[in-house]
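Below: the structure, in structure tokens.
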Amino acid sequence: MPRAVRFDAYGDVDVLEVVEIERPSPGPAEALIRVKAAGINPGEASIRKGLMHERWPATFPSGEGSDLAGVVEEVGADVDSLSVGEEVIGWTDLRASHAELVVVPVEHLTRKPAGVPWEVAGALFIAGTTAYAAVRAVSLSAGDTVVVSGAAGGVGSLVVQLARLAGATAIGLAGESNHQWLLEHGAIPVAYGDGVADRIREVSDGHVDALIDTFGGGYVALAIEELGVASDRIDTIIDWAAAEQYGVKTEGTAAAASAGVLAELAALLDRGELEIPIARVYPLEDVRDAYRELERRHTRGKIVLVP
Ligand SMILES: NC(=O)c1ccc[n+]([C@@H]2O[C@H](COP(=O)([O-])OP(=O)(O)OC[C@H]3O[C@@H](n4cnc5c(N)ncnc54)[C@H](OP(=O)(O)O)[C@@H]3O)[C@@H](O)[C@H]2O)c1
């Protein structure tokens, strides 16, 4: 029987179990995917802890995971756009990808280019579509300067590269250990913490056009009140209170969740124009350790589970 991650109550990582489940079966317009790699994301930890109960309640037993890459194992009766054995990248909205087998709507899948490694493909959906949406939301173009908080994290590491591809200069806020990586990816690293506004002014000659906040904790206020960035050129993917207070944008995964966007990002990865740093790959049975590492909030790039 196939294995999958399950939890029966809200709580810490210890509620996560890897259990055997019934083999899922694809219905019309669906495919059964044998998962090769599946990324993990901070939002899943928040759901598991019950922090999103008002917005997105869990029903128990709950599975988890959106990101996935794998091989088509079986297709629904009416599906002719995909064949068994094809390699795909995609997502599920049913909290189910941290598993060996998952049923996915065919419209949530795109073909995996041969040159994109499994762990990179499996990490693409949430971080990739969110970064794509955020960069689009602040309308970056050649010559712009954009500040990115959490610049070396799962989303931020892609934001700084997509900003550069749009012709903008990215100032990446990150801890010292990530500064070299940011330099190598065309961003200007700046340490966060006391005095960050002064350090940003110094490297930007006092002019910042946009800010993408992937961390929260005051960066929206800093952009408006200290850096003079217009509210329609600020996107936060986490600070809902600041978004309400200052009227800034909150475009994230939902704004760019499509197979077309995944295909565009996969093509950039395949051509070597975009990189997803893989911090660590864990076997599915070590799912608790994987989230322990993620929840320290200092991951460079992505952590991935491999069934
Ligand atoms: N709205 C949406 O659609 C959406 C989608 C995806 C994610 N999210 C949310 O966005 C956030 C980021 O997700 P992620 O996957 O990128 O997380 P992540 O990979 O865990 O990123 C953590 C990053 O935060 C940085 N960081 C830690 N302390 C910081 C500080 N004081 N100031 C600035 N940066 C700091 C770390 O940098 P250093 O290691 O350099 O210290 C690390 O690179 C999460 O809260 C997640 O829930 C929202």
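Key figures for this structure:
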read-out	value
For the chain, fraction of C-alpha pairs farther apart than 28 Å, in %	38 percent
The chain: antiparallel DSSP beta bridges as a percent of all, rounded to 5	55 percent
Highest to lowest packing among 29-38, 198-207, scored as the average C-beta count within 10 Å	29-38, 198-207
Highest-fluctuation residue, Ser149, Ser177, Ser97 considered, GNM on the chain with Cα pairs under 10 Å	Ser177
Selection from Ala114, Ser46, Phe215, by position along the positive dipole direction of the chain (Cβ)	Ala114
Residue-count net charge about Gly193 - beta-carbon cut-off 15 Å; Lys, Arg +1, Asp, Glu -1	-3
Near-label residues of segment 189-232 by backbone N, under 18 Å of a point 7 Å along Cα→Cβ of Glu244	216-221
FRET efficiency for Glu107 and Ser177, using Cβ-Cβ distance with R0 set to 30 Å, rounded to 0.05	0.15
Positive minus negative residues near Leu305 (Lys, Arg vs Asp, Glu; Cβ under 12 Å)	-4
Residue-averaged 222 nm ellipticity for the chain, from DSSP H runs of 4+ at -39500 (n - 2.57), nearest 500	-7000 deg cm²/dmol
Apportionment of accessible area to carbon and sulfur, the chain, percent (1.4 Å)	49 percent
Environment charge at Pro105 (Cβ cut-off 11 Å; Lys +1, Arg +1, Asp -1, Glu -1)	-3
Over 21 Å between alpha carbons, listed pairs Lys49/Lys112; Lys249/Lys302; Lys36/Lys302	Lys49/Lys112; Lys249/Lys302
Size of electric dipole in segment 52-184: Cβ of Lys, Arg +1 and of Asp, Glu -1, about Cα centre, debye, nearest 20	560 debye
Geometric extent, Cα atoms of segment 45-143 - Rg, Dmax (angstrom)	16.0, 51
Rel. contact order, % - alpha carbon contacts under 8 angstrom, at least six apart, the chain	20 percent
Cα gyration tensor, segment 187-306 - rounded (a/c under 1.5), prolate or oblate	prolate
GNM result for the chain, Cα springs below 10 Å: residue of Trp56, Trp240, Trp118 fluctuating most strongly	Trp56
Dipole moment magnitude, nearest 20 debye, the chain about Cα centre, only Lys, Arg, Asp, Glu C-beta charged	260 debye
Computed over segment 136-218, Kirkwood Rh from alpha-carbon pairs, angstrom	12.3 Å
Top of Arg136, Arg23, Arg164 by mean-square fluctuation, Gaussian network on the chain, Cα under 10 Å	Arg23
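The values are calculated or read from the model by the stated rules, or taken from the named source; none is laboratory data. Just so it is clear, the model here is predicted, and its values are computed rather than measured. With ideal geometry, Cβ positions are generated from the backbone for all residues, glycine too; neighbour counts draw on all protein chains shown. When the accessible area is computed, the model is the full protein with side chains, heavy atoms only, and any ligands, DNA or RNA have been set aside. Shrake-Rupley method; radii C 1.70, N 1.55, O 1.52, S 1.80 Å.
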